[in-house]
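Student: Got a structure here, written out as structure tokens. Questions coming.
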Amino acid sequence: MNKTVKTFEQNEFDFWMPPEGMTLTIGEDAEIDVPQIPLPIHLKDMEEGKQPSERAIGEGLNTYLRSFPDCPHAPDYARILKEAYPFHVSDLGSEIIILDVKEVEPEFVREKINMLKVLALMEPENFGVLQNIGMAYYELAMVYSELGDVRQLMGQARLWLEKARRVCNDDLQNLNYLAQICYFSGGYPQAKLYWRIISDALEEGEAKDELRSRIDRIESEDLPGQPLLDRLEQVGVAMSCYSNEKYADACAIMEEVAADGRLPQELPNAEFFYFLGLCRKQDGRQDDAAQAFARTLEIDPQHKAAQDEIAAKEA
């Protein structure tokens, strides 16, 4: 199923103030009061001097919240949507399920985050919703095209995972995500604490052994010279330099990160070596670039762009 993300700009809406005492129908004999706050209505549904229809109010609230879930009055908008337009809420859940089966593309992850935030407004104590927002932010932060915003995205991931932890403080998956974020950020004592809690809850096996190894490395101070989040941020800066044709700057940054070695060692990613190869190619170091492209294929043998680069050199 192909799906294009439809986003809306704020100037596509007008804000209509409902009259005092206005209600919306929620059943044959039931109504809800509409608060006197500005309601977003699609411009196409606004007629001068006329009150928008209940359908227009519902569609406006639904599409506006999906695009701007952190907007002023969001909790009130979500309450109206939940009580008066439950079919929109059902559609929201169905679309989140569809997005969950898609490949990780930033535009779809961002759309999923917005929709989950709408659900969180309706159910602020729903552990699963809170955790999924945090995991989605984490997922987005680890996409190389988004590394320019990695610090802000990791911060949002931690914020929502902490909200989830306050609802359920012993979920091991949630604690592991928090531990990873703490470790990446240089919060090694907190990461160790979370991993010890998880390790104590696990039976003997590979997972427990791996956590013990991580804890041992922290206790022996076998740690990155710089937090990995700093290194990820450096890669984001290098990618920005590259896109602005500042190839020498991009190459210098990537060579520094590669020479340190800790980022590709602890977070092996084909995109790191592919981008390193591109930087070296622009720097005129074709053999070094080929080595980086070969390393890309060791991690991801199906990496088409790296395959093409090697084939072009060998031609």
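The values are calculated or read from the model by the stated rules, or taken from the named source; none is laboratory data. All values reported here derive from a predicted model rather than from experimental measurement. Glycine also receives a Cβ, built like all others from the backbone with ideal geometry; neighbour counts cover every protein chain displayed.
Student: Tell me the strands (runs of 3 or more DSSP E) entirely within the stretch 23-77 that contain at least 2 residues that are touching a residue at least 24 places away in the same chain (Cβ under 8 Å) and over 26 Å from the mean Cα position of the chain (by Cα).
Tutor: 23-25, 39-42
Matching residues to (1) under 18 Å from the mean Cα position of the chain (by Cα); (2) among the charged types (D, E, K, R); (3) in a helix (DSSP H, G or I); (4) surrounded by 20 or more Cβ atoms within 10 Å (Cβ to Cβ):
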position	(1), (2), (3), (4)
Ile133	yes, no, yes, yes
Ala136	yes, no, yes, yes
Val150	yes, no, yes, yes
Leu161	yes, no, yes, yes
Asp170	no, yes, no, no
Gln173	yes, no, yes, no
Trp195	no, no, yes, yes
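Student: Looking at the stretch 259-289, which of its residues are crowded, with 19+ Cβ neighbours inside 10 Å and of a type outside the set (D, E, K, R)?
Tutor: Once the filter is applied, which keeps residues that are crowded, with 19+ Cβ neighbours inside 10 Å and of a type outside the set (D, E, K, R), the stretch 259-289 yields Leu263, Ala270, Phe272, Phe273, Tyr274, Phe275, Leu276, Gly277, Leu278, Cys279, Ala289.
Student: Can you pull out every residue in the stretch 257-291 that is more than 18 Å from Ser145 (Cβ to Cβ), small (Gly, Ala, Ser) and under 29 Å from the mean Cα position of the chain (by Cα)?
Tutor: Of everything in the stretch 257-291, those that are more than 18 Å from Ser145 (Cβ to Cβ), small (Gly, Ala, Ser) and under 29 Å from the mean Cα position of the chain (by Cα) turn out to be Ala258, Ala259, Gly261.
Student: Identify, please: which residue in the stretch 103-131 is more than 22 Å from Arg165 (Cβ to Cβ) and charged (D, E, K, R) and is, among those, surrounded by the most Cβ atoms within 10 Å (Cβ to Cβ)?
Tutor: That would be Glu111.
To keep it simple, each residue is scored yes or no on (1) of a type in the set (Phe, Trp, Tyr); (2) outside the structural domain of Tyr85 (by TED's automatic domain parsing); (3) surrounded by 12 or more Cβ atoms within 10 Å (Cβ to Cβ).
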| position | (1), (2), (3) |
| --- | --- |
| Phe15 | yes, no, yes |
| Ala30 | no, no, no |
| Met46 | no, no, yes |
| Gly60 | no, no, yes |
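Student: Exactly one condition in (1) surrounded by fewer than 17 Cβ atoms within 10 Å (Cβ to Cβ); (2) modelled with pLDDT of 95 or more; (3) over 14 Å from Tyr144 (Cα atoms); (4) not hydrophobic (A, V, I, L, M, F, W, C) is not met by Ser240; state its number.
Tutor: So Ser240 meets the others, but not (3).
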